[in-house]
Amino acid sequence: MKLDSYGIHWFRRDLRLDGNPALAANLKEHQGRVLGLFCFDHKFLSRPDFSVNRFQFFLETMQHLRDDLTQRGGQLLVLDVGPKVAYQQLFDLLTKAGLSIPKTVSWNRDYEPFAVSRDGEMAQWFKKQGVSVLTERDHLIIEPHEIYKGEDPSATYQVFTPFKKRWIEKFATEEVQNRLRAPKLVPFNLTWDRLLGGTVKLEDQLERYSTENRGKVNIKIPESGGAEAMKALHVFKPKVKNYGSTRDIPSLAGTSRFSLFFKNGSLTTSQVIREMRLQNLNQWNDGEAKFVSELIWREFYYYILARNPRVERESFNPLYKDIAWKNNTNWFKAWKEGRTGFPIVDAGMRELNETGWMHNRVRMIVASFLTKDLHIDWRWGEQYFMEKLLDGDLAPNNGGWQWAASTGCDPQPYFRVFNPYLQSQKFDPDGVYIKRYIPELKDCPTKLIHEPPQDLMNRNYPAPIVDHSVQRLEAIALYKFKPPQKT
């Protein structure tokens with residue numbers, strides 16, 4: 001089939017059709033003649049923080065996307081090579097078959113260092129091929145380059161509160177409010193099969209990846225895809241009014257869990273704001289205001305990563321770049337396995353290992369414990385989280401770990417050390433969450449469960465591996481520094 005004008009949409013972390021701005025713009029430009037393409041980049045798949053379980057969740061989400069595309073008259077092609085090789089091979093095949101290459105390739109922007117570099121390189125390559133590039137803002141509401149101090153676009157906010165104030169000011173503008181509207185999709189009217197007409201055979205690789213990876217998965221993978229994301233949204237919607245009081249209680253289903261879908265783009269913050277009718281900040285109740293604040297934290301961490309790519313591998317605050325971490329490997333092993341003798345910490349790590357998820361308050365507790373009690377490099381914990389979390393996302397994970405370790409964007413640094421016993425008493429007072437993941441403590445009296453005495457406990461549960469009061473003081477000493485000398 002000879003076409004003078006058609007487009008390809010390059011899916012990456014936007015695995016949905018509805019509310020997909022770059023896809024919608026491409027479809028409009030080419031009256032529905034747009035094909036879907038996904039490329040497995042082996043550089044990304046070989047990262048040290050790669051997660052088999054998260055990859056399976058991603059693959060299953062992609063299967064839902066493929067089905068959605070088929071039902072709407074489109075088609076997704078999945079290739080087993082990185083984008084540059086994939087497009088080069090594809091364009092060569094099309095040319096040899098006497099078919100035109102696409103006029104436009106579209107994608108939604110990303111802000112991780114790897115993605116920024118890749119996309120810049122691909123944009124230049126497409127330009128050399130005579131192919132137009134169409135990109136749009138997608139998984140953030142306000143992009144990192146749009147917020148800055150004063151009149152200087154290079155002036156970066158380094159603390160959340162002033163960033164949030166500026167974000168909300170911009171959120172209220174007509175420009176940003178318009179972004180929250182759902183882009184309409186022109187119906188698809190082109191498939192790869194129709195374009196190629198049997199002239200060229202392209203082997204889709206999605207089933208092979210799914211089959212090979214499924215055998216490596218060691219947890220139950222939750223339901224995925226855009227329809228499941230919207231179902232989760234509607235389940236959470238009536239709960240948001242109580243979000244401020246329930247979000248920190250790990251035994252309750254008080255959080256949204258939208259991060260599972262944000263990671264692969266089967267749901268975006270714009271969709272959440274729109275579907276939950278949160279566009280008007282003057283109408284937010286306390287729960288809604290707190291919930292939106294958490295969405296802004298996510299955008300803040302992407303803002304920091306995009307404007308300071310070095311934080312992917314080093315401390316944001318240069319004063320804490322060279323902390324002399326103790327890095328006791330036996331302690332790290334105990335932390336990973338949930339056998340530290342601190343019940344709230346162990347419950348969190350076991351939840352992570354068994355489900356691929358951890359409640360946000362508990363993430364803060366276990367991260368503080370690793371860095372401030374065990375004096376282990378935050379990067380060790382950050383990587384372990386990325387290996388295990390189904391919602392493992394570079395910017396929020398990095399930002400959260402640096403916050404816990406006091407190496408990031410925080411006006412209150414090293415002297416903030418969570419007391420795991422007090423955190424446990426405050427947020428899991430009856431030990432419901434602890435007993436859910438630590439069966440050894442199921443018969444422990446509630447008043448003792450946060451710091452169970454060994455003479456009452458089953459020997460299967462370990463004694464505390466450190467003394468918190470001692471480790472707290474040593475942690476503060478680790479962080480002490482000499483202020484920079486004035487010149």
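FYI, it's all coordinate maths here, none of it is from the lab. These numbers were taken from a predicted model, which means no experiment stands behind them. Because the Cβ atoms are built from the backbone with ideal geometry, glycine has one as well, and the counts that use them run over all protein chains shown.
What the table below lists for this structure:
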| read-out | value |
| --- | --- |
| Other-chain or far-sequence residues with amide H under 5 Å of Leu77's (modelled H) | Gly36, Leu37, Phe38 |
| Assigned charges on the beta-carbon of Lys, Arg, Asp, Glu; the range 202-273 dipole about Cα centre (debye) | 460 debye |
| Spin-label pair Ile221/Lys128, simplified geometry with 7 Å Cα→Cβ offset, distance in nm | 3.6 nm |
| Length released on extending from Asp286 to Glu151, taking residue separation times 0.36 nm less the Cα-Cα span | 45.4 nm |
| Mean Cβ count within 10 Å, highest first, over the residues of peptides 334-346, 316-328 | 334-346, 316-328 |
| Computed lengthening from Val81 to Thr355, 0.36 nm per intervening residue step minus Cα-Cα distance | 95.6 nm |
| Of Lys237/Lys263; Lys239/Lys290; Lys164/Lys231, those spanning more than 23 Å from alpha-carbon to alpha-carbon | Lys164/Lys231 |
| Integer Hz, Karplus 6.51/-1.76/1.60 couplings in order for the range 253-269, x for Gly and Pro | 8, x, 9, 7, 6, 5, 4, 4, 8, 4, 4, 9, x, 6, 8, 10, 5 |
| Shape category assigned to the range 162-230 from the gyration tensor of Cα positions, a/c cut at 1.5 | oblate |
| Inter-probe distance in nm under a simple model that places probes 7 Å from Cα toward Cβ, at His42 and Glu207 | 2.3 nm |
| Dipole moment magnitude, nearest 20 debye, the range 1-138 about Cα centre, only Lys, Arg, Asp, Glu C-beta charged | 340 debye |
| For a label point 7 Å along the Cα-to-beta-carbon line of Phe50, residues of the range 77-118 with backbone N under 13 Å | 81-82 |
| Label-point separation in nm, Ala172 to Asp322, each point 7 Å along Cα→Cβ | 4.6 nm |
| Whole-Hz ³J(HN,Hα) from phi, Karplus 6.51 cos²θ - 1.76 cosθ + 1.60, for the range 134-150, glycine and proline x | 10, 10, 9, 6, 9, 7, 10, 7, 10, 7, x, 6, 8, 10, 7, 6, x |
| Segments 40-53, 249-262 sorted - mean Cβ within 10 Å per residue, highest first | 249-262, 40-53 |
| Simple Cβ-charge dipole of the range 27-89, Lys/Arg +1 and Asp/Glu -1, about Cα centre, in debye nearest 20 | 160 debye |
| The chain, relative contact order in percent, only Cα pairs under 8 angstrom and at least six apart counted | 18 percent |
| Highest to lowest packing among 74-84, 283-293, scored as the average C-beta count within 10 Å | 74-84, 283-293 |
